[in-house]
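Encoded as structure tokens, the structure appears first; notes follow it.
The values are calculated or read from the model by the stated rules, or taken from the named source; none is laboratory data. Here the structure is a predicted model, which means the values were calculated and not measured. When we count neighbours, we look across all protein chains shown, and the Cβ atoms used for this are built from the backbone with ideal geometry, even at glycine. Heads up: the accessible areas ignore ligands, DNA and RNA and are worked out on the full protein's heavy atoms, side chains in. Shrake-Rupley method; radii C 1.70, N 1.55, O 1.52, S 1.80 Å.
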Amino acid sequence: MKILICYFSGTGNTKRVVDKYVEAFKSHGHEVDTFRVENRNFNYNLEDYDKIGLAYPIHAFNAPAIIFDFIKKLPKLKEEKPLFIIKTSGEPLRLNNISSIKPMSILKKKNLRLTNEYHYCMPYNIIFRHTDSMAYKMWETAQKLIPIDAQEILDRKEVKLKKFPFARPLAFVFRIEHWGGRFNGKRYKVRDNCVHCNACVNICPTHNITVENGEFHFGKNCIMCMRCAFLCKQNAIKIGLFEKWKVNGPYTFQKPEKEEEDKHKKYCKKSYQKYFNRAEEKINKANSLINKENQIDEKFDEQTVKNVEN
Ligand SMILES: Cc1cc2nc3c(=O)[nH]c(=O)nc-3n(C[C@H](O)[C@H](O)[C@H](O)COP(=O)(O)O)c2cc1C
């Protein structure tokens, strides 16, 4: 089977998840191509693929603007093909499920029919910094879930996330972030501790940061992905109105040696707990199924050996 996954990842979480999917599909002998939508020159022919995947981080309960720009330009397929959507977000609120409503309806018109939809909690790149142990736990959980979810996609077991009533207008209201990003992006500033390494200029997915006579300019194409501010080694970028919510520095995703104090442990406590419980349930169920299948295989092998010996 040939699979194409098109994705956007601002600060690396979604890419991590996509890479794990690629590994899972390839381990079953399938051919997988990936396309980063920020690369613009899309020269894959969707007709060549059996399944198409779309992956993105949730931005204000929606898909990021760059994803909308990308999918709107996709050609209409001659025949319907299955589509799977993969999302990552900092919190497990059900409200996040509405993010795929609009992309789904655009893609349906292109003959891509949603069959599977998965959501993984990954550490926040804005609002607040998750502790290293939480980031580790989220990634551990995702790594266990992804091979199971990938198998469901391959087995054509359809899985969709539950949506809210009135989800469509709700998602539309939150899409304020799409133009809000453009408005706020122009308010980004660079502090004096900047060492002019120009990393931000080089990594911005929309080439929105330019330098003139040593001065940084932030244009109108910011998509609020946070890549520049999150990855700035000097923590020198101020993100306009959202400065208080800024998160700086990549997560290690390693288990910390010492347990740190979690200042936000009460935030969405129940939702996180529910997410981890549901994940554990799914992982345990899949593992017990594998154990059963292994036992059947072992018995079958024993019986075959006996039959041959007789
Ligand atoms: C502008 C913006 C808006 C966000 N909105 C949400 C949100 O509505 N719900 C949520 O759970 N996480 C939200 N997040 C957090 C990201 O979805 C999360 O950290 C994601 O895993 C980042 O993925 P990436 O590293 O691939 O960009 C938001 C992040 C940004 C930058």
Would you check if there is a residue in the range 29-39 being in contact with a Lys or Arg (Cβ under 7 Å, 6 or more places away or on another chain), in contact (Cβ under 8 Å) with a residue 24 or more places away in the chain, open to solvent by less than 20 Å² (accessible area, probe 1.4 Å) and assigned to a loop (DSSP other than H, G, I, E, B)? no
Residue hits (the range 125-151; of a type in the set (Asp, Glu) and either surrounded by 18 or more Cβ atoms within 10 Å (Cβ to Cβ) or in a loop (DSSP other than H, G, I, E, B) (or both)) are Asp132, Asp149
So, Ile71, is that one part of a helix (DSSP H, G or I), of a type in the set (A, V, I, L, M), away from the ligand (no atom under 16 Å from the Cβ) and within 12 Å of Tyr7 (Cα to Cα) or not? yes
Do you know which residues across the range 10-28 are at negative phi, touching a residue at least 60 places away in the same chain (Cβ under 8 Å) and within 16 Å of the ligand (Cβ to nearest atom)? Gly10, Thr11, Asn13, Thr14, Arg16, Val17, Val18, Lys20, Tyr21
Which ones in the range 52-64 are open to solvent by less than 10 Å² (accessible area, probe 1.4 Å) and either within 16 Å of the ligand (Cβ to nearest atom) or part of a loop (DSSP other than H, G, I, E, B) (or both)? Gly53, Leu54, Ala55, Tyr56, Asn62, Ala63, Pro64
Residue by residue through the range 5-28, note down the ones that are part of a helix (DSSP H, G or I) and hydrophobic (A, V, I, L, M, F, W, C). Val17, Val18, Val22, Ala24, Phe25
Residues to consider are Tyr7, Tyr49, Tyr21; find the one that is modelled with pLDDT of 95 or more, buried (at least 19 other Cβ atoms within 10 Å of the Cβ) and either among the charged types (D, E, K, R) or over 17 Å from the mean Cα position of the chain (by Cα) (or both). Tyr49
